[in-house]
Amino acid sequence: MTVRDLARKCIRDIISYEPGKPIEELKRELGIKSVIKLASNENPVGLSPKALSAILKAAKNVNRYPDGNSFYLREKLSKFLGVGKNEIIFGNGSNEIIEFVVRAYLDAGEEVVISEPTFLIYKIVVAIQGGKSVIVPLKNFTYDLPAMKKAITPNTKIVFISNPNNPTGTSVGRKEFEEFLKGLPRNVIVIVDEAYNEFVERKDFPKALDYINKANVIVLRTFSKAHGLSGLRIGYGVAKPELIEYMEKVRQPFNINLLAQVAALASLEDIKFIDGIRRLVLKEKHSIYNSLDKMGIDYVKSDTNFILINVKRNSREVFNEMLKQGVIVRDMAAYDLKNYIRVTVGKKTENERFIKILKKIVDSR
Ligand SMILES: Cc1ncc(COP(=O)(O)O)c(C=O)c1O
């Protein structure tokens, strides 16, 4: 018997999620000093100064376990969102909320409707649980909600909608979303992942929070993106209390660390700062669009802080060439987008450096 035989059947063939390369690792590997990371859709500026001082102040208390119910953060967030305190669950990143839903609600063999390409974690978490992913391809880089609805069978338990979608940056509008929810079987849970909601520009964006009482809708949000707290790992889910109740049963009592709780609370109190991040990111995104237009390079218009770019050649090669020059982007080969890279909108100087290198690579063809 091999170790593979010991592993649960459903996890043997999972391809692990490959995170973006950390800056320090690349500096070590290449022996270069100046590295910029435009690979993991992080906020390029940093966290709110108020969040930073809250972290520093709380750091001396880390000999104690954190508040297992995130009492003060919960109170703040419930007012901020206008939802009940029992309609919120906190996770170690919104990634953990994905696990909560699947662990609480999906039995082995049940089906989950997932689009492709989308956030890779959905499929992995479903596989770990022994669930069956039913894949519905994107249409024009966008979620095809009518086709996803058609894919629902009596054995379907969950549908994942990343709105906007990672890695394409596209979103679905209110009309399509409402049409999707109409007449949905009552045994189906719809997870709407809004990790990038702060960056959405379209006017008819359907905030999933408005629908939590109309169907089994669970909204996922995160402090990792606009709030700049990726390193602390904190996200949350919002749903009706009955749905939250079973997710709470599979949550570890101290999953949200003490520093994350105070930082997230302070960040919610500094919404002016977050608005500033939004404005900066959108301005820079449009400036990257302009540069790409001038170079005649195709890309997908995005409602997020990243852009999917068609480099019209092997994306691995482009990724490696950029890496050698100290710019980390995301190679989209793992998402079956072989000629595409995904670039996170960075600071002005970072974006200019990225564009300069991209131009060199394109010109050298
Ligand atoms: C669509 C989507 N959902 C969720 C996450 C995970 O975020 P968190 O850091 O909150 O776990 C990401 C991160 O890249 C994402 O792109």
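The values are calculated or read from the model by the stated rules, or taken from the named source; none is laboratory data. None of the values given here were measured: they were computed from a predicted structure. Methodologically, a virtual Cβ is constructed for each residue, glycine included, from the backbone with ideal geometry; neighbour enumeration extends over all protein chains shown. Areas reflect the complete protein model, heavy atoms only, side chains present, ligands, DNA and RNA absent. Shrake-Rupley method; radii C 1.70, N 1.55, O 1.52, S 1.80 Å.
Within the stretch 253-337, which helices (runs of 4 or more DSSP H) (wholly inside it) include 1 or more residues that are among the small types (Gly, Ala, Ser), in contact (Cβ under 8 Å) with a residue 40 or more places away in the chain and surrounded by fewer than 19 Cβ atoms within 10 Å (Cβ to Cβ)?
Numbers: elements: 258-268, 271-295, 315-324.
Where helices (runs of 4 or more DSSP H) fall fully within the stretch 253-337 and carry at least 1 residues being among the small types (Gly, Ala, Ser), in contact (Cβ under 8 Å) with a residue 40 or more places away in the chain and surrounded by fewer than 19 Cβ atoms within 10 Å (Cβ to Cβ), they are 271-295.
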Which condition number does Pro137 fail, the rest of (1) touching a residue at least 60 places away in the same chain (Cβ under 8 Å); (2) open to solvent by 40 Å² or more (accessible area, probe 1.4 Å) being met? (1)
Taking the criterion of being within 16 Å of the ligand (Cβ to nearest atom), in contact with a Pro (Cβ under 8 Å, 6 or more places away or on another chain) and assigned to a loop (DSSP other than H, G, I, E, B), would at least one residue in the stretch 146-164 satisfy it? yes
Give the residue that is nearest to Glu194 (Cα to Cα), with candidates limited to residues of the stretch 206-215 that are open to solvent by less than 30 Å² (accessible area, probe 1.4 Å) and without any contact (Cβ under 8 Å) to a residue 60 or more places away in the chain. Ala208
Just to check your reading of the model, which residue among Glu87, Glu99, Glu25 is modelled with pLDDT under 95 and not aromatic (Phe, Trp, Tyr)? Glu25
Selection over the stretch 84-140 where residues are within 15 Å of the ligand (Cβ to nearest atom) and farther than 20 Å from Asn166 by Cβ yields a count of 3
Take the stretch 21-43 and flag every residue that is among the small types (Gly, Ala, Ser) and farther than 19 Å from Tyr340 by Cα. Gly31, Ser34
Unmet requirement for Glu350, which otherwise passes all of (1) in contact (Cβ under 8 Å) with a residue 60 or more places away in the chain; (2) farther than 20 Å from Gly46 by Cα: (2)
For the stretch 59-143, please list each of the helices (runs of 4 or more DSSP H) lying entirely inside it that holds at least 1 residues being of a type in the set (Asp, Glu). 71-81, 94-105
Which of the residues that make up the stretch 221-252 are assigned to a loop (DSSP other than H, G, I, E, B) and of a type in the set (Gly, Ala, Ser)? Ser224, Ala226, Gly228, Ala239
Under 6 Å between Cβ atoms, at least 6 apart or on separate chains: pull out the pairs that start in the stretch 105-120 with a residue that is open to solvent by 40 Å² or more (accessible area, probe 1.4 Å) and end on any residue that is within 16 Å of the ligand (Cβ to nearest atom) and at pLDDT below 95. Leu120/Tyr17
Checking Ser171 against (1) part of a helix (DSSP H, G or I); (2) buried (at least 22 other Cβ atoms within 10 Å of the Cβ), the condition it does not meet: (1)
If a residue must be among the acidic types (Asp, Glu) and open to solvent by 70 Å² or more (accessible area, probe 1.4 Å), how many such residues does the stretch 33-64 contain? 0
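Does the stretch 340-347 include one or more residues that are in a loop (DSSP other than H, G, I, E, B) and open to solvent by 20 Å² or more (accessible area, probe 1.4 Å)?
Looking through the stretch 340-347, at least one residue is in a loop (DSSP other than H, G, I, E, B) and open to solvent by 20 Å² or more (accessible area, probe 1.4 Å).
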Restricting the stretch 228-247 to residues that are open to solvent by 10 Å² or more (accessible area, probe 1.4 Å) and within 16 Å of the ligand (Cβ to nearest atom), the one nearest to Arg74 (Cα to Cα) turns out to be Tyr236
Failed item, numbered, when Ser16 is tested on (1) touching a helix residue (DSSP H, G or I) at 6+ places or on another chain (Cβ under 6 Å); (2) open to solvent by 30 Å² or more (accessible area, probe 1.4 Å): (1)
Odd one out for Arg186 among (1) away from the ligand (no atom under 16 Å from the Cβ); (2) touching a residue at least 60 places away in the same chain (Cβ under 8 Å): (2)
